[in-house]
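**Q** Structure provided below as structure tokens; questions to follow.
The values are calculated or read from the model by the stated rules, or taken from the named source; none is laboratory data. Given the structure is predicted, the values throughout are model-derived calculations rather than measurements. Because the Cβ atoms are built from the backbone with ideal geometry, glycine has one as well, and the counts that use them run over all protein chains shown. For the accessible areas, the whole protein counts, side chains as well, though only heavy atoms, and no ligand, DNA or RNA atoms are used. Shrake-Rupley method; radii C 1.70, N 1.55, O 1.52, S 1.80 Å.
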Amino acid sequence: MRICVIGSGYVGLVAATCLAEIGHEVVCVDSDLEKIARLNEGQPLIHEEFLQELLSRHHKGRLAFSPAVEASIRDAHTIFIAVGTPCTPSGEADLSYVESVARTIAQLSEGYKLIIEKSTVPVYTNDWIERAMVMNGRDHNGFDVVSNPEFLREGSAVTDFLYPDRIVVGSRNERAARSMREIYKPIIDGTYELQASAVPRPEGSRQKPFYIETTPQSAELIKHASNSFLALKISFINAVANICEAVGADVEHVREGLGTDRRIGPDFLRAGIGYGGSCFPKDIAAFRAAAHACGYELCLLDQARKINEDQRFRFVKKIRKALWTLKDKNLAVLGLAFKGGTDDIRQSPAIEIIQSLIAEGCKIIAYDPAAMQRTRAVLGSAIRYATDSYDAMNGADALLILTDWKEFGMLDLQKVKACLRYPIVLDGRNVYKPSEMQKAGLNYYSVGRLPLEISHSSAKRASALTQS
Ligand code: UGA
């Protein structure tokens, strides 16, 4: 099929590349000329496993990037809308980009167009696109609008697209539904995986996805409800973690006990400094606003947001408690991205915590395997940047772990102790077991577990032992 994807952001770029990978002729359009030029040279622009490989495979063949929005729309039979839907100050999704694309499609269309809404949008956006088409002179028979939300995560975006749990398609008629089945056929029937050059299916993923055909309104709600539910799970475990701290329980044990109930499941129950990124905070606000607009107050989401924000303040308080005072303290920070596996720092809890610490007079030296460049653009010289984890902690008063990169969970703890000025580790993502820290003679503060404080006398004993 000849497909046009409008927008080369995270979802647009990954969708366009993966649609080419499953056999379609794809043009991905964006008005950002510099971005388009770099993509046409095969530079992926984002840190995402397999993306470079697939771009190299297709960018001179089935996949093109173009700034010519109008010509690309005119030539395509199938158009994916993957433009941004940022948050307005009142929390609603700003749909002006979606509307402008819909208007352009209406004005340029000659033959039939299948319009697929991929951006995360509130319920009834599909109706509004349809209305914009009609208001701009298109006949109902000359187009279909389908809602096809995307569930890919940053860090595993390519495999999430190619091996999804489910594909959700909200359409109004069989003509559109049939085309959608055709687009996703190699993924739905599992034939993609059989190709010699296929990206390998991740362990634990479904062999074939659920294919859910429904109405546009239901499809739109599925997306907002999914992200909101995942955020609720995280805030729930964080609230439980705070109770664990108060009563001396261990949230990791509580998580195991909860997550082994098949009705609850183990995922998205990791306690820490809260969720961030470009999706959950925005989508929770948008779902809350959409519910309000249709007369229902989804206050549950306000609480989830509040717990999430409080998690960062609680962690800063924990740092203060561990260090007595904060002014002029030198702190090593591992992790800047909003989660491991990505270079994205949008709404990153790590960045917010660093900003609070700077405001309290701390001096920060930070390291992240992928997000240093993006952080430099935001924090500039307000912090120093280390060349690796141990370089960051050299002579620091304490170590803070703020992102769950795998490599941060595999540090040589004896070396950590030797690098730090004081043996203090504050782990905002619970990447270590307290017993490992105890063995290494480190004071350890995490989330939802009691602090591990090596007493002064036993620290002296440990240091005497090391010297002997
Ligand atoms: C999220 C959803 O997981 C995707 O399904 C969805 O497609 C995407 O939003 C979107 O709407 O585009 P993403 O934002 O990439 O994906 O990241 P997640 O893996 O969901 O993590 C979000 C945040 O929650 C991160 O800050 C992460 O550290 C935090 N988190 C996650 C926890 O604090 N605890 C957990 O147990 C899991």
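**Q** So, R0 is 51 Å and r is the distance between the beta-carbons of LYS327 and ASN173; what FRET efficiency does that work out to, to 0.05?
**A** E(calc), rounded to 0.05, equals 0.20.
**Q** When only DSSP loop residues count, what trypsin sites (Lys or Arg not before Pro) in the range 57-86 have their Cβ near at most 12 other Cβ atoms within 10 Å?
**A** When the trypsin sites (Lys or Arg not before Pro) of the range 57-86 are filtered for loop state and at most 12 Cβ neighbours within 10 Å, LYS60 remain.
**Q** Report the far tail of the P(r) of the chain, meaning the percent of Cα-Cα pairs longer than 39 Å.
**A** Percentage above 39 Å: 29.
**Q** What figure, in Å² to the nearest 10, do you get for the accessible area of CYS299 with a 1.4 Å probe and non-protein molecules left out?
**A** 70 Å²
**Q** Using modelled amide H (1.01 Å from N, peptide plane; none on Pro or chain starts), what sits under 5 Å from the amide H of TYR385, excluding residues fewer than 5 places away?
**A** ALA366
**Q** In whole Hz, what ³J(HN,Hα) sequence does the range 34-46 give by Karplus (6.51, -1.76, 1.60; θ = phi - 60°), x for Gly and Pro?
**A** With the stated coefficients, the range 34-46 comes to 5, 4, 4, 4, 5, 5, 5, 7, x, 8, x, 6, 10 Hz.
**Q** Can you give the translational diffusion coefficient of the range 190-274 in µm²/s, computed by Stokes-Einstein from the Kirkwood radius over Cα pairs at 25 °C and 0.890 mPa s?
**A** Translational D for this selection: 154 µm²/s.
**Q** Here's something else I'd like to know. Once you keep just the Cα pairs under 8 angstrom separated by 6 or more residues, what percentage relative contact order results for the chain?
**A** 11 percent
**Q** Follow-up question, since we're still on this one. With only Lys, Arg, Asp and Glu charged, each at its Cβ (+1 for the first two, -1 for the last two), find how big the charge dipole of the range 224-307 is about the Cα centre; round to the nearest 20 debye.
**A** Rounded to the nearest 20 debye, it is 240 debye.
**Q** Next up: Can you list residues from other chains, or at least 5 along the same chain, whose modelled amide H is less than 5 Å from the amide H of SER66?
**A** Answer set, sorted by chain and number: CYS28, VAL29, ASP30.
**Q** Take the Cα radius of gyration of the range 312-467 and divide it by 2.2 N^0.38 Å, with N its residue count; two decimals is plenty.
**A** Against the compact-globule rule of thumb, the ratio is 0.98.
**Q** Okay, next question. Run the helix sum for the chain: -39,500 (n - 2.57) per DSSP H stretch of 4+ residues, divided by residue count, reported at 222 nm to the nearest 500 deg cm²/dmol.
**A** -13500 deg cm²/dmol
**Q** Further question: Roughly how many Å² is the accessible area per residue of the chain, as a whole number, for a 1.4 Å probe?
**A** So the chain comes to 47 Å² accessible per residue, rounded to a whole number.
**Q** Quick check: from the Cα gyration tensor, does the range 224-307 come out rounded (a/c under 1.5), prolate or oblate?
**A** prolate
**Q** Under the Karplus relation 6.51 cos²θ - 1.76 cosθ + 1.60, θ = phi - 60°, what is the ordered set of whole-Hz ³J(HN,Hα) values for the range 412-419, x standing for Gly and Pro?
**A** 7, 5, 5, 5, 4, 4, 5, 6
**Q** Right, something else. Packing-wise, with mean Cβ within 10 Å as the measure, how do 363-375, 387-399 rank, highest first?
**A** 363-375, 387-399
**Q** Project the alpha carbons of the range 251-363 onto their principal axes and report the range along each, largest first, in whole Å.
**A** Principal-axis extents of the Cα atoms in the range 251-363, largest first: 50, 36, 27 Å.
**Q** Could you list, in their original order, any pairs among LYS233/LYS417; LYS318/LYS433; LYS233/LYS439 whose Cα atoms are separated by more than 29 Å?
**A** Check vs 29 Å cut-off fails for LYS233/LYS417; LYS233/LYS439.
**Q** Output needed: percent of Cα pairs per 10 Å distance bin for the range 2-214, bins running from 0 to the one holding the longest distance.
**A** Percent of pairs per bin, in order: 8, 36, 38, 17, 1.
**Q** Give the shape of the range 10-114 as rounded, prolate or oblate, defined through the alpha-carbon gyration tensor: a ≥ b ≥ c are the square roots of its eigenvalues, a/c under 1.5 means rounded, and otherwise the shape is prolate if a/b is larger than b/c and oblate if not.
**A** Oblate, since a/c reaches 1.5 and b/c is not below a/b.
**Q** Nearest 0.05, what FRET efficiency do GLU25 and ARG103 give at R0 = 25 Å with Cβ-Cβ as r?
**A** Efficiency, rounded to the nearest 0.05: 0.50.
**Q** Within 10 Å of each candidate Cβ there may be at most 11 other Cβ atoms; applying that plus a DSSP loop requirement, which trypsin sites (Lys or Arg not before Pro) in the range 212-287 survive?
**A** ARG262, ARG263
**Q** What's the FRET efficiency of MET410 with ALA198 using the Cβ-Cβ distance as r and R₀ = 25 Å, to the nearest 0.05?
**A** So, using R0 = 25 Å, E works out to roughly 0.25.
**Q** Return the sequence-ordered ³J(HN,Hα) values of the range 142-151 in whole Hz as given by the Karplus equation 6.51 cos²θ - 1.76 cosθ + 1.60 applied to θ = phi - 60°, using x for Gly and Pro.
**A** x, 6, 10, 10, 10, 9, 9, x, 10, 10
**Q** On the protein heavy atoms, probe 1.4 angstrom, tell me the percent of accessible surface of the chain carried by carbon and sulfur.
**A** Percent of accessible area from carbon and sulfur atoms in the chain: 53.
**Q** Turning to a different aspect of this structure: Just in the range 190-251: which GluC sites (Glu not before Pro) are loop by DSSP and have at most 12 other Cβ atoms within 10 Å?
**A** Counting only loop positions with at most 12 other Cβ atoms within 10 Å, the GluC sites (Glu not before Pro) in the range 190-251 are GLU203.
**Q** Please list, ordered by chain and number, the residues whose modelled amide H lies under 5 Å from the amide H of ILE167; skip anything fewer than 5 residues away on the same chain.
**A** The list, which skips near neighbours in sequence, is PHE210, TYR211, ILE212.
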